[in-house]
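Note sheet for the following structure.
The values are calculated or read from the model by the stated rules, or taken from the named source; none is laboratory data. None of the values given here were measured: they were computed from a predicted structure. Cβ sites come from the backbone with ideal geometry, for glycine too, and all protein chains shown count toward neighbours. The accessibility values were calculated without ligands, DNA or RNA, using every heavy atom of the protein model including side chains. Shrake-Rupley method; radii C 1.70, N 1.55, O 1.52, S 1.80 Å.
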Amino acid sequence: MNLDLEPILIIAAAAIIGIGLGVLVTYILLRKGIESRASDIIKDAEKQAAILKDKKMLEAKERFLQLKAEHESTVGEKNKQILLTENRIKQKEQSLNQRLEQTQRKEKELDSAKNNYNEQSKNVERKMDELSKMHQRQVAQLETISELSADDAKAQLIESLKEDARAQGAVYAKEIVEEAKLTANKEAKKVVLQSIQRVAVETAVENAITVFNIENDEMKGRIIGREGRNIRALEAATGVEVIVDDTPEAIVISCFDPVRRELARMALHQLISDGRIHPARIEEVVEKCRKQLEDEIAEVGKRTVIDLGINNLHPDLIRIVGKMKYRSSYGQNLLQHSREVANLAATMASELGLNPKLAKRAGLLHDIGKVPDEAPELPHAILGMNLAEKYKERPEVCNAIGAHHDEVEMTSLLSPIIQVCDAISGARPGARREIVEQYAKRLRDLESLALSYKGVEKTYAIQAGRELRVIVGSEKINDKEAEVLSFEIAQKIQNEMTYPGQVRVTVIRETRAVNIAK
């Protein structure tokens, strides 16, 4: 049994030894292959590192060369600028040296001219003395020849000149009076035309702005909008100027057309109440307010016609009557004025046995020419007459409208009645007025204008600015200069100021002798 195991054990041991040797040989071979492979990898890495190093060195050199070139270029530019600056400085130095030389040369010329002037002045004084002596000798010779003294001859000459001046003055005065008689009618019409303008100049501010009150100043920013787009949209849609300034809780709407101002006021009121303010919304609200305003104008016209008992009035005339609510004349509301004229005319026509309804109709329509904006070159009476004829009003009514300011000839008894009633309504106390501030400013400007002249000591504007009294110093201005001063002040007022009617300029020159009894 033991003999059978020994070969097996030997074989097993040999097999184990063979396997171990195989493993060892394999390990040795693998180790050598790995070491060889690692060596190859290391050599490749070293080669790549060397290549990368060379590449980086090359890039660094190129970058250095580029930076060097840029630096040299920058230094070159700075050197050029320095050279240009030095050249400019040299040019300025040369220019200054030239100016200095010119100044020195001019100083020498001035000194020379001054010396010449002094010599000439002495020569002139010497010649003036000689002329004075010669004049005295001639005067003495003339006195000897004429047997009159110089004062007596001067007095006779003055008297002769006075007589000639009086005669020529009488002739001129007569010619002026004759010319005034011939042109009186023309000048009177000119004054009337000036006095019947649609809107008085002194009340232009009152009739051109509307103040819109707001609750707080924060709303101003929303009304203006980003970069002002809201306020531009509102102005474009309504045709007014919206002025947003430092006035607390107020916005000014400026426009010559009261209807546009009312449209802008209504639109602002709705926009602020609604809270949505942007260009699209503004256009929508303005269009809506325009329709509301048109409806309100028509309603006002209808109510006025119904209140006065006037029938069969053309719809367009009714709308014109409604627009009178937004017109004024010298501070007097045009619709209220027309209603008052209508009632006065009806009463007067009844007393005279005429048709009161026709008189009331003519009284209501007599100022319709102030409402439309077309044909501004025509007087409002003529324009109103043309409108009445266009809408088939009776000839008596048309003539009363056109003749209430003597623009056309009166052809019926109704015309003078309307003229008288118009004058009564406008002339009654409190009917027409100016703003107090504007009135005071106009008078101050009138007085300041005259004070700007030499020799004027005091000025007084009296009779509501229709007369300007100017007090001058008697030692500074003589009688002839006073007449010239009066004419110049009147011309300057006429050219530079705006005023109703006429302004009389009275220059007062007086001499006072004052003594005190002790």
Open item on the list: Tell me yes or no: at least one residue of region 336-346 is surrounded by fewer than 21 Cβ atoms within 10 Å (Cβ to Cβ), within 32 Å of the chain's Cα centre (by Cα) and in a helix (DSSP H, G or I).
Closed with: no
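Okay, residues lined up against (1) within 22 Å of Gly402 (Cβ to Cβ); (2) surrounded by 21 or more Cβ atoms within 10 Å (Cβ to Cβ):
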| position | (1), (2) |
| --- | --- |
| Ala298 | no, no |
| Val321 | yes, yes |
| Gln332 | yes, no |
| Arg361 | yes, yes |
Open item on the list: I'm told Ser329 meets every condition in (1) under 18 Å from Val259 (Cβ atoms); (2) out of contact with any Gly (no Cβ under 9 Å at 6 or more places or on another chain); (3) at pLDDT below 85 except one. Can you identify the failing condition by its number?
Closed with: (2)
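Which one is surrounded by the most Cβ atoms within 10 Å (Cβ to Cβ) among residues in region 401-414 that are without any contact (Cβ under 8 Å) to a residue 40 or more places away in the chain and part of a helix (DSSP H, G or I)?
Within region 401-414, the match that is surrounded by the most Cβ atoms within 10 Å (Cβ to Cβ) is Ile401.
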Task: Residue list for region 492-515, filter: aliphatic (A, V, I, L, M) and either modelled with pLDDT of 75 or more or closer than 16 Å to Tyr460 by Cβ (or both) - done: Ile493, Met497, Val503, Val505, Val507, Ile508
TODO: Quick one: which residue in Leu358, Leu293, Leu354, Leu268 is at pLDDT 85 or above and not in a helix (DSSP H, G or I)?
DONE: Leu354
Open item on the list: What's the total number of residues in region 442-462 that are without any contact (Cβ under 8 Å) to a residue 40 or more places away in the chain and either of a type outside the set (Lys, Arg) or farther than 21 Å from Glu510 by Cα (or both)?
Closed with: 14
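Give me the residue from region 245-282 that is basic (Lys, Arg) and touching a residue at least 12 places away in the same chain (Cβ under 8 Å) and, out of that set, least open to solvent (accessible area, probe 1.4 Å). Break it down stepwise before answering.
Initially, region 245-282 is screened for residues basic (Lys, Arg), giving 260-261, 265, 276, 281.
Now narrow it down to the ones that are touching a residue at least 12 places away in the same chain (Cβ under 8 Å): 260-261, 265.
Details: Arg260: 85, Arg261: 23, Arg265: 80 Å².
The selected residue is Arg261.
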- [ ] Would you mind finding the one in Glu389, Glu393 that is under 22 Å from Gly309 (Cα atoms) and open to solvent by 60 Å² or more (accessible area, probe 1.4 Å)?
- [x] Glu389
Task: Unique residue being among the aliphatic types (A, V, I, L, M) and surrounded by 16 or more Cβ atoms within 10 Å (Cβ to Cβ) when the list is Ile310, Ile306 - done: Ile310
